[in-house]
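See structure below.
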There are 2 protein chains.
Amino acid sequence: MSLLEEKTLSTEKIFSGKVIHLQVDEVKLPNGKTAKRELIKHPGAVAIIAITTENRIVMVEQFRKALEKTIIEIPAGKLEKEEEPADCAKRELEEETGYECESMELLNSFYTSPGFADEIVHVYLAKGLSKKENAAGLDEDEFVNLMEMTLDEAQQAIKENRICDAKTVFAVQYLQLQEVLGK
Amino acid sequence: MSLLEEKTLSTEKIFSGKVIHLQVDEVKLPNGKTAKRELIKHPGAVAIIAITTENRIVMVEQFRKALEKTIIEIPAGKLEKEEEPADCAKRELEEETGYECESMELLNSFYTSPGFADEIVHVYLAKGLSKKENAAGLDEDEFVNLMEMTLDEAQQAIKENRICDAKTVFAVQYLQLQEVLGK
């Protein structure tokens with residue numbers, strides 16, 4: 001394996017927001033030349049594949065300002081400071097859907113945009129769902145519609161571009177694979 | 001379906017870089033209150049699932065400054081201005097791997113981080129690979145190691161976290177599903 005690493009020569013902090021931070025690093029390339037890297041720092045997130053006792057996938061419909069459209073996603077949310085991902089997954093499931101679960105199993109963690117951001121999404125499988133009384137509500141700037149879909153409906157929603165984000169496409173493909181494998 | 005839309009009240013442009021642009025929008029929420037949205041604009045990207053005649057997946061190993069580590073990904077790259085995604089996929093495949101292909105089929109397009117970025121990745125399946133003579137090379141600030149892996153090796157690399165980004169996890173899952181379905 002050759003050395004591909006880029007060494008940081010300097011860091012310019014550009015923006016520090018509520019959710020993301022932006023910096024531009026000057027790096028030394030493997031050939032000794034220099035280049036600039038525009039980098040977003042993000043706290044990381046969780047997403048939850050939650051299946052009801054009627055074998056439906058719990059989804060939330062949400063307006064995404066970055067896309068200027070409303071899309072259907074699995075429940076998800078950002079990690080709070082020093083929060084464990086599994087705790088965050090339970091919290092977000094409750095806040096966004098009103099469900100609690102018996103078990104929360106980590107399926108996969110992936111970086112969403114390694115070219116410019118360090119955001120990682122931890123995808124969990126929630127089992128044993130039940131509606132929680134007096135469930136915690138959404139953040140004050142969050143508005144979602146709760147939906148429950150069969151796997152067929154979710155696959156159709158991908159074809160129709162109503163499901164169109166990486167974590168939810170991953171989730172639907174994961175469930176399809178489990179079904180085909182008879183799990 | 002209730003109205004979830006957020007209306008833009010003002011836009012503050014914070015940063016305009018080579019790859020990404022950052023702005024903060026003030027929005028009017030469905031309940032009439034206001035909130036800030038930190039938004040990254042990105043030109044969009046393509047990624048290519050390319051299978052050799054020996055039934056191996058073409059991968060590139062690359063240092064990702066945002067993650068401060070070297071990871072294994074399917075070939076990918078950003079759209080140039082007004083470039084068609086299919087043309088970009090052919091160009092990136094050639095530049096990063098030296099392969100050309102007989103057909104380039106769009107499998108799926110998904111947003112990587114809808115919470116803060118408009119980046120979309122168009123994932124293509126390249127068929128009929130052959131090495132191109134005098135293939136175009138990499139960008140001057142790009143350094144990658146070419147690799148070819150079996151599906152088993154790729155699944156193992158996911159377990160070992162050497163494959164850990166959304167588009168490549170999607171690709172491996174897609175190929176696994178095709179194999180199980182006998183396609």
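The values are calculated or read from the model by the stated rules, or taken from the named source; none is laboratory data. Keep in mind it's a predicted model, so treat the numbers as computed, not measured. Here the Cβ is made from the backbone with ideal geometry for all residues, glycine too, and neighbour counts use every protein chain on show. Side chains are part of the model used for accessible areas, which takes the heavy atoms of the whole protein and leaves out ligands, DNA and RNA. Shrake-Rupley method; radii C 1.70, N 1.55, O 1.52, S 1.80 Å.
When region A:14-41 is examined, which residues are found to be at the interface with chain B (Cβ under 7 Å from one of its Cβ atoms), in contact with a His (Cβ under 9 Å, 6 or more places away or on another chain) and not β-branched (V, I, T)?
Hits for region A:14-41 are A:F15, A:L39.
Where in region A:65-183 are there helices (runs of 4 or more DSSP H), lying fully within it, with 2 or more residues that are of a type in the set (D, E)?
On the way: elements: A:85-97, A:151-159, A:166-180.
Per the criteria, A:85-97, A:151-159.
Could you identify the single residue in B:K132, B:K183, B:K127 that is basic (K, R), within 18 Å of B:T52 (Cβ to Cβ) and touching a Ser or Thr at 6+ places or on another chain (Cβ under 6 Å)?
Working: B:K132 fails: touching a Ser or Thr at 6+ places or on another chain (Cβ under 6 Å); B:K183 fails: touching a Ser or Thr at 6+ places or on another chain (Cβ under 6 Å).
Going through B:K132, B:K183, B:K127 in turn, just one is basic (K, R), within 18 Å of B:T52 (Cβ to Cβ) and touching a Ser or Thr at 6+ places or on another chain (Cβ under 6 Å): B:K127.
Counting only residues that are more than 15 Å from A:I120 (Cβ to Cβ) and among the hydrophobic types (A, V, I, L, M, F, W, C), how many does region B:148-171 have?
6
From the list B:L138, B:L125, B:L151, which residue is surrounded by 20 or more Cβ atoms within 10 Å (Cβ to Cβ) and in contact with a helix residue (DSSP H, G or I) (Cβ under 9 Å, 6 or more places away or on another chain)?
Unique residue meeting the criteria: B:L125.
Are any residues in region A:59-80 farther than 24 Å from B:K41 by Cβ, of a type in the set (V, I, T) and out of contact with any Asp or Glu (no Cβ under 6 Å at 6 or more places or on another chain), and if so, which ones?
Of everything in region A:59-80, just one residue is farther than 24 Å from B:K41 by Cβ, of a type in the set (V, I, T) and out of contact with any Asp or Glu (no Cβ under 6 Å at 6 or more places or on another chain), namely A:I74.
Tell me, please, whether a residue that is over 15 Å from B:I49 (Cβ atoms) and away from chain A (no Cβ under 12 Å) can be found in region B:105-121.
no
Within region B:126-174, which residues are within 17 Å of the chain's Cα centre (by Cα), of a type in the set (K, R) and modelled with pLDDT under 95?
None; the set is empty.
How many of the residues in region A:156-182 are over 19 Å from A:P75 (Cβ atoms) and away from chain B (no Cβ under 11 Å)?
Adding up the residues that qualify gives 2.
Can you tell which of B:A47, B:A35 is in contact with a Lys or Arg (Cβ under 6 Å, 6 or more places away or on another chain) and modelled with pLDDT of 95 or more? Don't jump to the end; show me each part of the working.
Details: B:A35 fails: in contact with a Lys or Arg (Cβ under 6 Å, 6 or more places away or on another chain).
Sole residue among the options that is in contact with a Lys or Arg (Cβ under 6 Å, 6 or more places away or on another chain) and modelled with pLDDT of 95 or more: B:A47.
Hey, does region A:59-79 have a residue that's among the aromatic types (F, W, Y), over 24 Å from A:C164 (Cβ atoms) and open to solvent by 10 Å² or more (accessible area, probe 1.4 Å)?
Looking for residues that are among the aromatic types (F, W, Y), over 24 Å from A:C164 (Cβ atoms) and open to solvent by 10 Å² or more (accessible area, probe 1.4 Å), one finds none in region A:59-79, hence no.
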